[in-house]
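Below: one structure, written as structure tokens.
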Amino acid sequence: MGNEDGGRIEHRAYARVGFLGNPSDAYFGKTISFSLANFHATVVLEPSSTIRFLSHPVHDPSEFGSLQEMVDRFRGEGYYGGVRLLMAACKVFHDFYSSGLAGEGISLHNRGFTLLYDTNIPRQCGLSGSSAIVWAALKCLLAYYEIPDQQQQVDDLPSLILRVEEELGITAGLQDRVVQVYGGLVYMDFDKTSMETKKKGIYTPMDPELLPPLYLIYTKNPSDSGKVHSDVRKRWLSGDQHIRKLMSEVAEIAEKGRSCLVNRDYASLASLMDKNFDLRRQIFGDDVIGDVNIEMVERARRVGAACKFTGSGGAVVAFCPNGQLQARKLEEACESAGFAVEACQIGPASVKHV
Ligand SMILES: Nc1ncnc2c1ncn2[C@@H]1O[C@H](COP(=O)(O)OP(=O)(O)O)[C@@H](O)[C@H]1O
Ligand SMILES: O=C(O)[C@H]1O[C@H](OP(=O)(O)O)[C@H](O)[C@@H](O)[C@@H]1O
Ligand SMILES: [Mg+2]
């Protein structure tokens, strides 16, 4: 639950790690993802006479020391910060809950509000900073408009979050949003029939205790993850058999990974993590994967750690099968190249595993 105090509503949403099977989530595949409590986005809603969106001084810059500084910022991080995500969240929320799509009898009151946000999620690093901001904003709106629980089916909410990013033309799949809603560790099956008939997959919370100690490695040179899927998506949609075969192999990794976790077969889990990255590299090619990301993965592998993307680039998740000493070597190898390394903290589950 968020914090509601005298009308002020505050909610947070955590970053996430696509652990196995990503990016097959956008291709009727399967993934296992976990909530990453190391980083989160926070959105605050305050009642006000009008509807207002407050820009973030860092993430929505509008003042620069020089033309060059401005160009460098936009070249590195794009033109957009999070305010557009807040605006799109409000529009999608309004359209969904006032259209009767969520069930009859919902009327949205006319009271105004001000939305503001903050985030410490490393920007555009494939940690789902975008949907964390969206989900935290939607949680504030659900509370402010007192949407009844029965109109907030937990397995419908990820698709609502995805609609917000699709509204902005951001390429994205569902896995980020599912684990940001469910928390903890979740196995997801984006079965074609389920997706086409119900616009959602089948989501199964798992025991986060099944995970071995994992490490997050990330770079400070982000890229706009929305761009990297475009070519592959087009080829997949056009029925490219090579791409479709590789993507179904990626989905299979999540299926096999689920039993490795249940059986605590961490040696096989390590091989699946490496296979996941190798398949992604085959699918997208080195130009899209990027030298910096390849360097992160290769440095981890050089000390014997298994390593793969957490999302579409900028951060990787690593597993050291030989324990602490190997983890120390991993930290040295990555930090000496200027990459940040942190032990993964798994975020709390809002939907408990059975
Ligand atoms: N840290 C951030 N601060 C502000 N906006 C962000 C941040 N991270 C992502 N966004 C917004 O989300 C959009 C898509 O970001 P994306 O590359 O998908 O990030 P991620 O990979 O973390 O999901 C960006 O164009 C920007 O509008
Ligand atoms: O490519 C991936 O693994 C993921 O890329 C996107 O996540 P992001 O954190 O924005 O990089 C996309 O939203 C996910 O659906 C993909 O699985
Ligand atoms: Mg994203």
The stretch 210-343 accessible area per residue, 1.4 Å probe, protein heavy atoms, integer Å², reads 45
What net charge do the residues around Gly285 carry, taking every other residue with its C-beta under 13 Å from that of Gly285, with Lys and Arg at +1 and Asp and Glu at -1? -2
Quick note, the stretch 100-155: a/c under 1.5 would make it rounded; otherwise a/b > b/c is prolate and the rest oblate (a ≥ b ≥ c, C-alpha gyration tensor); here it is oblate
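What accessible area per residue comes out for the stretch 3-207, rounded to a whole number of Å², with a 1.4 Å probe? Mind showing how you got there, number by number?
Values: 8520 Å² over 205 residues.
Per-residue accessible area for the stretch 3-207 comes out at 42 Å².
Output the DSSP H helices from the chain with an along-axis C-alpha extent of no less than 20 Å and a mean Kyte-Doolittle hydropathy no less than 1.0.
129-144
Quick one: of Lys245/Lys329; Lys234/Lys275; Lys139/Lys275; Lys198/Lys308, which pairs are farther than 28 Å apart, Cα to Cα? Kindly include the intermediate steps, with their values, before the conclusion.
Values: Lys245/Lys329 36 Å; Lys234/Lys275 24 Å; Lys139/Lys275 36 Å; Lys198/Lys308 31 Å.
Checking Cα-Cα distances, Lys245/Lys329; Lys139/Lys275; Lys198/Lys308 exceed 28 Å.
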Taking all protein chains in place and a 1.4 Å probe, what share, in percent, of the accessible surface of the stretch 15-125 do carbon and sulfur account for? 54
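Return a whole-number percent for the relative contact order of the chain, with Cα pairs under 8 Å and 6 or more residues apart as the contact set. Could the numbers behind the result be given before it?
Values: 698 pairs, mean separation 87.6, N = 354.
This gives 25 percent for the chain.
Heavy atoms only, probe 1.4 Å: what % of the accessible area of the stretch 168-282 goes to carbon and sulfur, would you let me know?
Working: 2620 of 5160 Å².
Taking all protein chains in place, the stretch 168-282 shows 51 percent carbon and sulfur surface.
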For the stretch 174-292, just list the percent of Cα-Cα distances falling in each 5 Å bin from zero outward, please. 2, 9, 15, 20, 23, 19, 11, 2, 0
Inter-part distance where the stretch 61-101 and the stretch 4-47 are each reduced to a Cα centre, Å: 18
Computed, not fitted: 222 nm per-residue ellipticity of the chain from DSSP H runs ≥ 4 (each -39500 (n - 2.57)), nearest 500, equal to -13000 deg cm²/dmol
Could you give the size of the charge dipole of the stretch 3-207 about its Cα centre, using +1 on the Cβ of each K and R and -1 on the Cβ of each D and E, expressed in debye and rounded to the nearest 20? 200
Using unit Cβ charges (K, R positive; D, E negative) and no other charged atoms, how large, in debye to the nearest 20, is the dipole of the chain about its Cα centre? 520
Using the Kirkwood radius over Cα pairs, work out the Stokes-Einstein diffusion coefficient for the stretch 267-338 at 25 °C and 0.890 mPa s, in µm²/s as a whole number. 201
Starting from the 7 Å offset along Cα-to-Cβ, what nm value, one decimal, do you get for the label separation of His242 and Glu104? 5.5
If Val288, Val17 are ordered by their accessible area, calculated over protein heavy atoms with a 1.4 Å probe, which sequence runs from highest to lowest? Val288, Val17
DSSP-loop GluC sites (Glu not before Pro) across the stretch 11-114, with at most 16 other Cβ within 10 angstrom: Glu63, Glu104
Could you tell me, in Å, what Rg and Dmax come out for the Cα atoms of the stretch 44-133? 16.3, 53
Over the Cα atoms of the stretch 209-354, what radius of gyration and what Dmax do you get, in Å? 15.9, 47
Which three extents, in angstrom, do the Cα atoms of the stretch 3-207 have along their principal axes, listed largest first? 52, 40, 29
Hey, how many Å between the Cα centroid of the stretch 271-327 and the Cα centroid of the stretch 340-354? 20
Based on alpha-carbon atoms only, what is the radius of gyration of the chain relative to the globular estimate 2.2 N^0.38 Å? 0.98
Quick one: give the max-minus-min coordinate of the C-alpha atoms of the stretch 141-208 along each principal axis, largest first, in Å. 32, 32, 22
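What number comes out for the charge environment of Phe39, summing +1 per Lys or Arg and -1 per Asp or Glu over other residues with Cβ under 12 Å away? Let's see the in-between values first.
On the way: positive: Arg12, Arg16, Arg123; negative: Asp118, Glu342.
That works out to +1.
The values are calculated or read from the model by the stated rules, or taken from the named source; none is laboratory data. Just so it is clear, the structure is predicted and the values come from calculations on it, not from any experiment. Note: ideal-geometry Cβ built from the backbone for every residue, glycine included; neighbour counts use all protein chains shown. In case anyone asks, the SASA skips ligands and DNA or RNA and just uses the protein heavy atoms, side chains included. Shrake-Rupley method; radii C 1.70, N 1.55, O 1.52, S 1.80 Å.
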